[in-house]
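> Here's a structure for you.
The values are calculated or read from the model by the stated rules, or taken from the named source; none is laboratory data. These figures come from a predicted structure and were not determined experimentally. Heads up, the Cβs are rebuilt from the backbone with ideal geometry, glycines too, and the neighbour counts pull from every protein chain shown. These area figures cover heavy atoms from the full protein model, side chains too; ligands, DNA and RNA do not enter into them. Shrake-Rupley method; radii C 1.70, N 1.55, O 1.52, S 1.80 Å.
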Amino acid sequence: MRAPTLVCIGGGPKALAVAVKARVLADLGLPAPEVIIVEREAVGANWTAAGGWTDGMHRLGTSPEKDLGFPYRSADFRGFNRYIDHAMLRYSWGSYLVAAGSFGEWVDRGRPPPRHRDWARYLQWAATQAEARVVTAQVRTASVSTDRWTIELDSADGSDGGTGGWPQADTLTADALMVTGPGAPVSEWETLDTNVVGPATFWRQVANRSLPAVDRAAVIGGGETAGAILHEMCRHEATSISVIAPRASLFTRGEGYFENSVFTDSVRWETLSLAQRREVIKRADRGVFSARVMDELRLDTRIVHVEGRVSGVETVNDQIALGIETASGHLSQWYDYVIDARGSWKLWMLQLFDGSALDRLELAIGGAATTERVQMSIERSLSVGGMTPALYLPGLADLRQGPGFPNLSCLGLLSDRICASLGAVDPSPATINRHMNLEQLSDH
């Protein structure tokens, strides 16, 4: 029987986790999808300056031991779970450091969070180890024909079908599609003034040492993107740096055991009400800074918090006026440099869908594609319920399936669910007998 094909848009940790899990399953003789990763730049690009979300020098907000196999607690492959967990250790953060000859030093230094660019190198190493199929191209459109996806590509160098060492193709067909990543790191307001920038422009200016002279700066947003930008701004001259975020205060991400356990315990998540789930996401994941970043920000007296949402941007001469809606009414604030760090539109992938794909999605979710409607449609497999062919959107799975799926907190569980849903073919009798023999040998 032909293995189902899964095309992953984006070459980040989620795609790599699925590709590595598929390789492990295949090596064990178990049903596994054929995974094709389509990445515009390179594997792990969003963790480097090339992706536009970082300069690569800032440190990972979560422990690197929450790697491609974490939490190493497979439960979707009856009789084979512990073999899979053991095999996934070959692609762990620790194995990467052992291969690089730096595991001992990392432990002796107290297991520090790696810089973003080092995390990208880990992902690239895992892709090489697993012989992952990576196509270097940009997706032009994704359409649906009968029960398959058709993905049309533009290569990174401007010609059709540029690939990362695989046979050239300008079109891919697949049984299932997974979309990952945060979208483009740009701001809708960047065209108004050269001193209104999005994350990509900001980090490019940092890398080129072309950050303009700043008197009054503003950072719009209260999440990790804003936190990294604020952290960088602390190193530059500015009279004041305002953080404009809708919550009443700047909050530190909950990083104790009880908060962290929710990210890896999907059973516990299912017991929470919708209101409780929203509260956990708000407190522990969305619109909050890591404790390490907050420790540094609180020491900088130039940073002030402005509660509210930016409703408009206007430029007059060399000044930028921000209209801000607050709990007590509307106010205007003037700045000479503004960084829009709110993040991208959650449904950015809809820009890739043609009419056929959008029709299938809206039919499956029962109406126009809104963030809430799509979030509530995500099933245990992390796919949109009722949609054929399958569409996996782990970045929107937090509300129904758990807050760890959109980030790095449970990549192993993410890959389990996706691969299991695509490998619903019983293993052959020979495979079962081989593993039963291994089980008997391990007991002696």
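> Please report the net charge: other residues with Cβ closer than 14 Å to the Cβ of Thr326, K and R +1, D and E -1. Intermediate values should be presented prior to the final figure.
Details: positive: Arg247, Arg309; negative: Glu307, Glu325.
Summing Lys/Arg as +1 and Asp/Glu as -1 gives 0.
> Roll a 1.4 Å probe over the protein heavy atoms and report the accessible area of Thr271 in Å², nearest 10.
Accessible area, nearest 10 Å²: 110 Å².
> Percent relative contact order of the stretch 297-402, based on C-alpha pairs within less than 8 angstrom and at least six residues apart?
14 percent
> Using only the Cα atoms of the stretch 1-115, build the gyration tensor, take square roots of its eigenvalues as a ≥ b ≥ c, and label the shape rounded, prolate or oblate: rounded if a/c is under 1.5, else prolate if a/b is larger than b/c, else oblate. Can you show the working numbers first?
Values: a/c = 2.58, a/b = 1.30, b/c = 1.98.
Oblate, because a/c is 1.5 or more while a/b does not exceed b/c.
> With the full set of protein chains in place, find how many percent of the accessible area of the chain is carbon and sulfur; take the probe as 1.4 Å.
The computed percentage sits at 51.
> How high is the relative contact order of the stretch 63-106, in percent, with contacts defined as C-alpha pairs under 8 Å that are six or more residues apart?
Working: 29 pairs, mean separation 16.9, N = 44.
Relative contact order for the stretch 63-106 comes out at 38 percent.
> Related question: How about Lys66: which aspartates and glutamates have a C-alpha closer than 18 Å to its C-alpha, ignoring those fewer than 8 places off in the same chain?
Asp85, Asp118, Glu224, Glu255, Glu259, Asp265, Asp285, Asp398, Asp416
> Where in the chain is the longest stretch that carries no trypsin sites (Lys or Arg not before Pro) classed as loop by DSSP and with at most 12 other Cβ atoms within 10 Å?
Answer from the scan: 299-444.
> Still on this structure: Find the accessible area per residue for the chain; the probe is 1.4 Å, ligands and nucleic acids are left out, and the unit is Å².
Values: 20080 Å² over 444 residues.
Per-residue accessible area for the chain comes out at 45 Å².
> Taking the alpha-carbon distance from Lys346 and a cut-off under 20 Å, which lysines remain once sequence neighbours fewer than 8 residues away in the same chain are dropped?
Lys14, Lys282
> Also: For Ser143, Ser210, give me the order by solvent-accessible area with a 1.4 Å probe, most accessible first, ignoring ligands, DNA and RNA.
Ser210, Ser143
> Could you please put Cys419, Cys234 in sequence from largest to smallest accessible area, using a 1.4 Å probe?
Details: Cys419 0, Cys234 35 Å².
Result, largest first: Cys234, Cys419.
> Please report the net charge: other residues with Cβ closer than 12 Å to the Cβ of Gln124, K and R +1, D and E -1.
-1
> Quick one: net charge of Ile229's neighbours, Cβ under 12 Å, K/R +1, D/E -1?
-2
> May I have the convex hull volume per residue, in Å³, for the Cα set of the chain?
169 Å³
> Under 8 Å for C-alpha pairs, at least 6 residues apart: give me the relative contact order for the chain, rounded to a whole percent.
Taking the mean separation of contacting Cα pairs over the length of the chain, I get 21 percent.
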